[in-house]
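The values are calculated or read from the model by the stated rules, or taken from the named source; none is laboratory data. These numbers come from a predicted model, not from an experiment. Here the Cβ positions follow ideal geometry from the backbone for every residue, glycine too, while neighbour counts run over all protein chains shown.
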Ligand SMILES: [Zn+2]
């Protein structure tokens, strides 16, 4: 399991880069929900601890349901997004897409570095992602790649965030301008 911070960097990037189609809050928050499975698995940290949450099908559905639940709290989430100065319009379909996409990216990353991720459960117990590089590269090297990729995505996410804040500030200044003019 890569550190949760790795997931947050990569998913923040996708949330900000694709925010026309993807809810930026849900795509990050769903990573915490998915890793609850690891915390509650028995025998932590040595035994098999990635089960159904870490799969494309069941995990993807859980992600979409999480998106629907977030829709109920859209007022609070909107206020939080305003506090961090990101323009935000909650939409149910965007929240569901974000939940599923966030889980898929999470499973892809965990699957490459954790021996017990079975991404295609319940159809097969194959550990396809883990086996992809297992015979050609040592796992430590694959983990290093994932770490480097996470850092690159995190830096890109910070740049996108700065641009989003600038856009937010610009449009709130314009909105203030318009309301001042209409008062005159
Ligand atoms: Zn995980």
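Helices (runs of 4 or more DSSP H) fully within the range 29-148 that include at least 1 residues being closer than 30 Å to residue 167 by Cβ: 57-72, 74-83, 92-113. Going residue by residue through the range 13-25, is there one that turns out to be closer than 16 Å to residue 110 by Cα, outside any loop (DSSP other than H, G, I, E, B) and at pLDDT 90 or above? Among the residues of the range 13-25, not one is closer than 16 Å to residue 110 by Cα, outside any loop (DSSP other than H, G, I, E, B) and at pLDDT 90 or above, which makes the answer no. Right, residue 120: more than 19 Å from the chain's Cα centre (by Cα) and free of Cβ contacts under 8 Å to residues at least 24 places away in the same chain or not? No, not satisfied.
Is it the case that residue 127 is in contact (Cβ under 8 Å) with a residue 60 or more places away in the chain and more than 16 Å from the chain's Cα centre (by Cα)? Criteria not met by residue 127. Per the conditions (1) crowded, with 17+ Cβ neighbours inside 10 Å; (2) within 12 Å of the ligand (Cβ to nearest atom), the sole criterion not satisfied by residue 74 is (2).
Output the residue which, of all residues in the range 15-33 that are within 16 Å of the ligand (Cβ to nearest atom) and touching a residue at least 40 places away in the same chain (Cβ under 8 Å), is surrounded by the most Cβ atoms within 10 Å (Cβ to Cβ). Explain how you work it out, then say what you get.
Keep residues of the range 15-33 that are within 16 Å of the ligand (Cβ to nearest atom), which gives 27-33.
Checking the rest, the ones that are also touching a residue at least 40 places away in the same chain (Cβ under 8 Å) come to 27-31.
Numbers: 27: 33, 28: 21, 29: 20, 30: 29, 31: 22.
Among residues in the range 15-33 that are within 16 Å of the ligand (Cβ to nearest atom) and touching a residue at least 40 places away in the same chain (Cβ under 8 Å), the one surrounded by the most Cβ atoms within 10 Å (Cβ to Cβ) is 27.
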